[in-house]
There are 2 protein chains.
Amino acid sequence: MTQTRRDVHDVASERLRAIDQRYSTGRRKLVQILSSAVHPLVTTEITAAASDLPQSSVYRNLSVLEEAGVVVKVLTTGERSAFELAEDLKGHHHHLVCVDCGKVVDIDVPEDVERLLSDGVSPAIKDAGFTLIGHRLDLMGRCDQCSRSSRAANFSTTSVK
Amino acid sequence: MTQTRRDVHDVASERLRAIDQRYSTGRRKLVQILSSAVHPLVTTEITAAASDLPQSSVYRNLSVLEEAGVVVKVLTTGERSAFELAEDLKGHHHHLVCVDCGKVVDIDVPEDVERLLSDGVSPAIKDAGFTLIGHRLDLMGRCDQCSRSSRAANFSTTSVK
DNA sequence: ATGAGTGCAAAGGCTTTGCATTAGG
DNA sequence: CCTAATGCAAAGCCTTTGCACTCAT
C-alpha cells in the first residue's frame, strides 16, 4: 500500500540539487505534508496543513518540486489541481474518484490488471506514434455519502461499455 | 475510430428536453463541433471553431449540456478543462496523453483490457465504500514531436477544424 | 406574450509574478 | 557575502454571474 519511504527527504533533496534548487524548509514542509497524506491534496488543504506558508510559496514550491520530479499534479474532477508525491516515492497506485463530490481515494488494483495495463496496450499506441511511459487509471464511482444523499439531478454519467 | 453516430442531435435534443432545456442553435453548434472533433477540446478551441459564440454562452451551454449528459468534462494535463461528447454518444475510448506538450489523442484499447477494467477491479473498491460507475484510463507517453525535440516546449491540444 | 436563451461586461476565484527582504550555502 | 528563496501584494487568466435584450414557443 502507499507507504512513505523513509528517505523521502533525502530523495527530494537530491532531486532538487540535480536541478540546482535548494531543499529549503518550506519545501521540506510541503514534502512532509504530502508524504503523510492518504490522498492527493488541493492547495487549500495544503495551506490548511501549513498555515504559516503563504499561498504564493505553496504554489511556487510545488511547481519547483514538480519540475524536480518529487511531486506530481493529479487531475480529479472540478477545476482545482491536487498534488501528491511522485510515483516512485509514493508507490504505484490509482485513484477512486467520486463523480459527485470529487473526493479522491488512493487504491491498488489487482496485479493482473496492472500487468495488462503495462503490456496489453502497446498496439493501441503504435499508430499514434507515441512512446508509452506509464498509465493513469481512475475508477469513477460514487462514494458512500453521495450514494446515500443521492441528491437529485443524476441524469448524467450513464453506464460504461 | 468511434465517430459521430447518426442522430447525435436527436439524442441531445431528447436529453435536454428531459431536464426542461431547449436545444437552441448555440447548443446545437457546440454539439456539432464536439462531434466532429477527434480529441477533447478546450474552450479556446471551441470558441475558435465557433467565433460567433461568446465565451459566456460557451461555458453556460457546456454546463447545461453536461447536466443533460450530452457532454463530459475531460481533465488532461494543465489547468484548463476540455470537453467531449458523452461516452454513449462518442463511444467508449481512452486517451493517449503526451506528458510533455499535453496533446491528447483518442484511442481504443484491446478488448481484454476493457473487460478486466470493468470486472477485475471490484475488490479494490469494496473497502472504500464506493459504487463503481466506470473508469478513466489515460496512457501517458511522449508524442513523436516531443520525442524528437526531446524538450518540453509546449502548448496544449492541437487544433481541429 | 412570456419565459428560456443570449451577449456583453463585470465580478470571482485560483494561480502567477514583481519586487524588496530574508536566509541558506 | 551572494544568490536563492520567501512574502506580500498586485496582476493574470479562466470561469461564472448580473442584467437587459432577443428569440422561440
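A short reminder: the numbers here are calculations on the coordinates, not readings from a lab. Note that this is a predicted model, so its numbers are computed, not measured. Cβ sites come from the backbone with ideal geometry, for glycine too, and all protein chains shown count toward neighbours.
Tabulated results
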{"read-out": "Helices (runs of 4 or more DSSP H) lying entirely in the stretch B:31-125 (those with 3 or more residues that are more than 11 Å from chain A (Cβ to nearest Cβ) and either out of contact with any Leu (no Cβ under 9 Å at 6 or more places or on another chain) or within 30 Å of B:Arg148 (Cα to Cα) (or both))", "value": "B:43-49, B:55-67"}
{"read-out": "Subset of the stretch B:66-109 [among the polar types (S, T, N, Q) and without any contact (Cβ under 8 Å) to a residue 24 or more places away in the chain]", "value": "none"}
{"read-out": "Restricting the stretch B:29-65 to residues that are under 19 Å from B:Ala18 (Cα atoms) and touching a residue at least 12 places away in the same chain (Cβ under 8 Å), the residue that is surrounded by the most Cβ atoms within 10 Å (Cβ to Cβ)", "value": "B:Leu30"}
{"read-out": "Test: residue in the stretch A:1-13 that is more than 19 Å from the chain's Cα centre (by Cα) and within 10 Å of DNA strand C (Cβ to nearest atom)", "value": "yes"}
{"read-out": "Top-ranked residue in the stretch A:78-90 [being more than 11 Å from the chain's Cα centre (by Cα) and surrounded by fewer than 19 Cβ atoms within 10 Å (Cβ to Cβ); ranked as farthest from A:Arg15 (Cα to Cα)]", "value": "A:Gly78"}
{"read-out": "Sole residue being within 9 Å of DNA strand C (Cβ to nearest atom) and more than 24 Å from A:Met140 (Cβ to Cβ), chosen from B:Ser36, B:Ser51, B:Ser56", "value": "B:Ser56"}
{"read-out": "Number of the exception - A:Arg22 against (1) under 29 Å from A:Leu96 (Cα atoms); (2) more than 14 Å from every other protein chain (Cβ to nearest Cβ); (3) within 15 Å of DNA strand D (Cβ to nearest atom)", "value": "(1)"}
{"read-out": "Positions within the stretch B:29-63 being over 30 Å from B:Cys98 (Cβ atoms) and within 11 Å of DNA strand D (Cβ to nearest atom), in sequence order", "value": "B:Pro54, B:Ser56, B:Ser57, B:Arg60"}
{"read-out": "Residue ID - farthest from A:Ala86 (Cα to Cα), chosen from residues in the stretch A:37-64 that are of a type outside the set (A, V, I, L, M) and within 13 Å of the chain's Cα centre (by Cα)", "value": "A:Thr43"}
